[in-house]
Amino acid sequence: MLTILVLGSAAGGGFPQWNCNCDGCRRARSGDPAAKPRTQSSLAISGGDGRWVLLNASPDLGHQIRANAALHPKDGIRHSPIAAAVLTNADIDHVAGLLTLRESQPFAIYATERVHSVLAANSVFRVVNPELVPRRAVALDRPYVPADADGVPLPFEIEAFAVPGKVALYLEDPAAAGFGSVAEDTVALRIRDLNSEAVFFYIPGCSAMPGWLADRLRGAPLVLFDGTTWTDDEMIRAGTGTKTGQRMGHMAMSGPEGSIAAFEGLGVRRKVFIHINNTNPALLDDSPERAAAEGAGWEIAQDGMEFTL
Ligand code: MLT
Ligand code: MN
Ligand code: ZN
């Protein structure tokens, strides 16, 4: 059986975001039960053998581990059930948590060459000693079976494939086309449990739904998908920023070009939005946008949510 644990469901900044006074953040800060706080985007998966694989490592990882008993040390004076971390891009909200895993604890890091090159270029990540924590490069479109630091295979097959998106904010080259983004900057993960044959997709960042991607997702039992914004210009209208969702590499939920429309008719059994920005009104349990998303068959991820397949 494959267990998927939502460690964090918010986009970069979390909910509420430390410096944000938007309507949603204020409600979350005031303890409004319809505005549940959320940490930054990450999943943990297990095939039931006691070992867990992180899908992205958010800056909130320390808190997320404390909040989830499955990830607590079990055997011996130093131990962690975390066997590996798989990264979908080099965004701060997906890599900064690696620094939390720095106490000489073996696990393996899987990412594209491109994302590994970013870790290698930032010496602070050397604190996660590569001699204990092997960094393994994965090729696009080549399914692989991840293993823990000792090389003991985990019961999954993972395939990383490029989706439309953008290089991490701090790597943008203003002079280059697409800010210098390349295919390996933003990947989707297709994960298959080798025991149950269950399959799901994790796509926390995606800026468009080309026909080939829609075809790929058609009929999937579960897709966790980029839910950053409700409308493309909501951060500008909320006065919280100057960028559109598209400019940040994300497709909006609503509208004719949005993800809700794009998934229409694909027959995906369970559709879950994750990586949700604090300005997105669908985060609020009592909003019309939440009702519209749910009416279209979507769930809005929440920290601590669990799926079994
Ligand atoms: C994003 O998902 O667009 C990034 O995480 C934004 C950021 O770096 O804050
Ligand atoms: Mn992000
Ligand atoms: Zn806010």
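The values are calculated or read from the model by the stated rules, or taken from the named source; none is laboratory data. Predicted, not measured: the structure shown is a model, and the values here were computed from it. Cβ placement follows ideal geometry from the backbone for every residue including glycine, while neighbour counts extend to all protein chains displayed. Accessible surface is based on the protein model in full, side chains and every heavy atom, while ligands, DNA and RNA are left aside. Shrake-Rupley method; radii C 1.70, N 1.55, O 1.52, S 1.80 Å.
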Open item on the list: Compute the distance from the alpha-carbon center of the stretch 7-27 to that of the stretch 148-177, in whole Å.
Closed with: 25 Å
Task: Solvent-accessible area, 1.4 Å probe, carbon plus sulfur percent, for the stretch 3-303 - done: 53 percent
- [ ] Take each of the peptides 30-43, 269-282, average the number of other beta-carbon atoms within 10 Å over its residues, and list them starting from the highest.
- [x] 269-282, 30-43
Open item on the list: Can you compute the FRET efficiency between A70 and D233 using 1/(1 + (r/R0)^6), with r the Cβ-Cβ distance and R0 = 30 Å? Round to the nearest 0.05.
Closed with: 0.15
Open item on the list: Suppose each label sits 7 Å from its Cα in the direction of the beta carbon; what would the R102-A183 distance come out to in nanometres?
Closed with: 3.5 nm
TODO: Just the number, please: percent antiparallel of the DSSP beta bridges in the stretch 3-303, rounded to the nearest 5.
DONE: 50 percent
Task: Cα-projected label distance for D215 with N122, points at 7 Å along beta-carbon direction, nm - done: 3.6 nm
Task: Charge context of M251, other residues only, Cβ under 9 angstrom, K/R +1, D/E -1 - done: -3
TODO: Quick one: work out the % antiparallel among DSSP beta bridges in the stretch 10-115, nearest 5.
DONE: 35 percent
Task: Pairwise Lys count, the chain - Cα closer than 26 Å, eight or more residues apart or different chains - done: 4
Task: Beta bridge orientation in the stretch 47-166: antiparallel %, DSSP, nearest 5 - done: 15 percent
Open item on the list: For a protection proxy built on the mean count of beta-carbon atoms within 10 angstrom, sort 84-93, 47-56 highest first, please.
Closed with: 84-93, 47-56
Task: Translational diffusion of the stretch 3-303, µm² s⁻¹ [Kirkwood Rh, Cα pairs; Stokes-Einstein; 20 °C; 1.002 mPa s] - done: 111 µm²/s
Task: Furthest towards positive pole of dipole, L101, I4, T39, structure part the chain, Cβ charges - done: L101
Task: Among 296-307, 218-229, the order from most to least packed when residues are scored by Cβ within 10 Å on average - done: 218-229, 296-307
TODO: Show that you can apply the helix-only estimate: for the chain, add -39,500 (n - 2.57) for every DSSP H stretch of four or more residues, divide by all residues, and state [θ] at 222 nm to the nearest 500.
DONE: -4000 deg cm²/dmol
- [ ] Go ahead and run the numbers for FRET between A261 and D286, Cβ-Cβ distance against an R0 of 25 Å, rounding to 0.05.
- [x] 0.60
Task: Radius 10 Å from Cβ of F201, net charge of other residues (Lys, Arg +1; Asp, Glu -1) - done: +1
Task: Cut-off 13 Å between beta-carbons: net charge of the residues surrounding G12, Lys and Arg +1, Asp and Glu -1 - done: -1
Task: the chain - accessible surface per residue (Å², probe 1.4 Å) - done: 41 Å²
Task: Charge dipole magnitude, Cβ of K and R +1, D and E -1 - the stretch 1-123, Cα centre, debye nearest 20 - done: 260 debye
- [ ] Only Lys, Arg, Asp and Glu count, each charged at its Cβ (+1, +1, -1, -1), so figure out the dipole size of the chain about its Cα centre, rounded to 20 debye.
- [x] 360 debye
